[in-house]
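Here's the structure, in structure tokens; my notes come after.
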Protein chains: 2
Amino acid sequence: MALGPGSQTHADVLRSTIRGAGLKVTAPRVAVLDVLQHAPHSSAEQVFAEVRKSLSGTSAQAVYGILAAFTGAGLVRRFDPPDSPALFECRVGDNHHHLACIGCGLIQDVDCVIREAPCLTPSDDSGFTIFSAEVTFNGLCRTCQSNRAPQTA
Amino acid sequence: MALGPGSQTHADVLRSTIRGAGLKVTAPRVAVLDVLQHAPHSSAEQVFAEVRKSLSGTSAQAVYGILAAFTGAGLVRRFDPPDSPALFECRVGDNHHHLACIGCGLIQDVDCVIREAPCLTPSDDSGFTIFSAEVTFNGLCRTCQSNRAPQTA
DNA sequence: CAGTTGTTTTGACAGACTCAAAACAACTGC
DNA sequence: GCAGTTGTTTTGAGTCTGTCAAAACAACTG
Ligand SMILES: [Mn+2]
Ligand SMILES: [Mn+2]
Ligand SMILES: [Zn+2]
Ligand SMILES: [Zn+2]
């Protein structure tokens, strides 16, 4: 199927997302955003490795800089699970949370614990003005549970 | 006041806490526990600096090792706020949470968001068995709010 | 198409933490 | 009390993740 004059490629969408955030559009930025959309919860290192597959000249520092710029612009969200480098994802602005498997490191999204605007309202805010809440549930995923269960017998 | 035969010094309490966790009692361990009780939410580096005041021979690696041992034994809790080294505290087992000031780095305790056992029950656990939840509220403390307010005028 | 501004590369470097081996100290039981 | 066993600490090197600054470079502006 040929694309008509008014149609937009996927790359075009990425470009306007970046431009819409007030950032200049560059090849490494398009690549980073693309990687992040296909592989959420990626570390800088993982993004870097993936980006290099299509843009081999890209430096690690560029990736760090791009991730910081995107995070600052609200295009991506960064979070810091324990015992892991920072992870990045495009799902932003919905205050969702994460399940982290202690066994294998798997990360899964979880919707906001209480419905509504919640999770941004602690029982006593001590005068703080709260902008965001980071909730990480640490546990064992289904796979790691079955891998350990036999050993208990 | 002289201490009778049955009385316990503060150091004695620390010692039996450590022994009760199944760990050998050593001077650096007693010192670390003492520091942590007086200064919760301390980094390894801060604990190290404080310990050296009374036990100047102690190495940084010892402090890292002790903190890891204490954390493993359930004697202290470790948490990882964004943009900060890991912090340690003695308040353990109550699943409490933290307010972190984006401006000055102040950390404050918050009781569990929902009362009861909560915060350990995400809306959908995807089959995970959950052991702990780490909740960090990011915002501005009262002081940082007033420091910034004038600039808005 | 040249100018301005923001971006990327390059290379050095720092912070937080880990690893391994040897020296050492705490508990065990004689 | 004292040697043995086991766990701890020191020492020293090294890793991983991320930061800084300057120069080369590319995107948007008009
Ligand atoms: Mn997510
Ligand atoms: Mn606390
Ligand atoms: Zn798992
Ligand atoms: Zn503050």
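Which of the chymotrypsin sites (Phe, Trp or Tyr not before Pro) across segment A:1-84 are loop residues per DSSP, with 16 or fewer other Cβ within 10 Å?
Details: sites: A:F48, A:Y64, A:F70, A:F79; in loops: none.
Hits after loop and neighbour filter: nothing returned.
Could you tell me the relative contact order of segment B:10-79? Use alpha-carbon pairs under 8 Å, at least six residues apart, and round to a whole percent.
On the way: 51 pairs, mean separation 20.6, N = 70.
Reported as a whole number, the value is 29 percent.
If you count, for every residue in B:83-91, the Cβ atoms of partner chains within 10 Å of its Cβ, what is the mean? If you can, show how the numbers build up before the last one.
Details: counts 3, 1, 0, 2, 0, 0, 0, 0, 0.
Counting Cβ atoms of other protein chains within 10 Å of each residue's Cβ and averaging gives 1.
Which loop trypsin sites (Lys or Arg not before Pro) in segment A:76-115, with loop taken from DSSP, have no more than 13 other Cβ atoms within 10 angstrom of their Cβ? All intermediate terms of the calculation are to be shown ahead of the outcome.
Numbers: sites: A:R77, A:R78, A:R91, A:R115; in loops: A:R91, A:R115.
Sites meeting the loop and neighbour criteria: A:R91, A:R115.
Just subtract the alpha-carbon distance of B:D124 and B:A73 from 0.36 nm times their residue separation and send over the number in nm, one decimal. Each step should come with its number before you reach the end.
Numbers: separation 51, 0.36 × 51 = 18.36 nm, distance 2.97 nm.
Stretched out fully, the B:D124 to B:A73 stretch lengthens by 15.4 nm.
For segment A:1-74, state which trypsin sites (Lys or Arg not before Pro) are in a DSSP loop and have at most 13 other beta carbons lying within 10 Å of their beta carbon. Mind dumping the intermediate values first?
Working: sites: A:R15, A:R19, A:K24, A:R29, A:R52, A:K53; in loops: A:K24.
When the trypsin sites (Lys or Arg not before Pro) of segment A:1-74 are filtered for loop state and at most 13 Cβ neighbours within 10 Å, A:K24 remain.
So the label point sits 7 Å from Cα along the Cα-to-Cβ vector; using that for B:D124, what distances do you get to the other copies, in nanometres, sorted shortest first?
Label point to label point, same position, other copies: 3.6 nm.
Suppose each label sits 7 Å from its Cα in the direction of the beta carbon; what would the A:H10-A:S84 distance come out to in nanometres?
Distance between the two pseudo-spin positions: 2.4 nm.
List B:E50, B:E134 from most exposed to least, where exposure is judged by having the fewest other Cβ atoms within 10 Å. Mind dumping the intermediate values first?
Details: B:E50 19, B:E134 22.
So the residues, fewest neighbours to most, are B:E50, B:E134.
Taking the label point as lying 7 angstrom from Cα along the Cα-to-Cβ axis, what are the distances from B:R91 to the corresponding position in the remaining copies, in ascending order and in nanometres?
So the label point of B:R91 gives 3.0 nm to the other copies.
Once you average over the residues of B:137-144, how many Cβ atoms of partner chains fall within 10 Å of each Cβ?
Mean shielding count: 6.
For every other residue with a beta carbon closer than 15 angstrom to the beta carbon of B:V32, add +1 if it is Lys or Arg and -1 if Asp or Glu, then tell me the sum.
It works out to a net charge of +4.
Name the chain B residue with the Cβ nearest the axis that maps B onto A: which is it, and what is the distance in angstrom?
Of all Cβ atoms in chain B, the one nearest the axis gives B:V135, 2.
Bear in mind that the values in this text are calculations on the coordinates, not laboratory data. Just so it is clear, the model here is predicted, and its values are computed rather than measured. With ideal geometry, Cβ positions are generated from the backbone for all residues, glycine too; neighbour counts draw on all protein chains shown.
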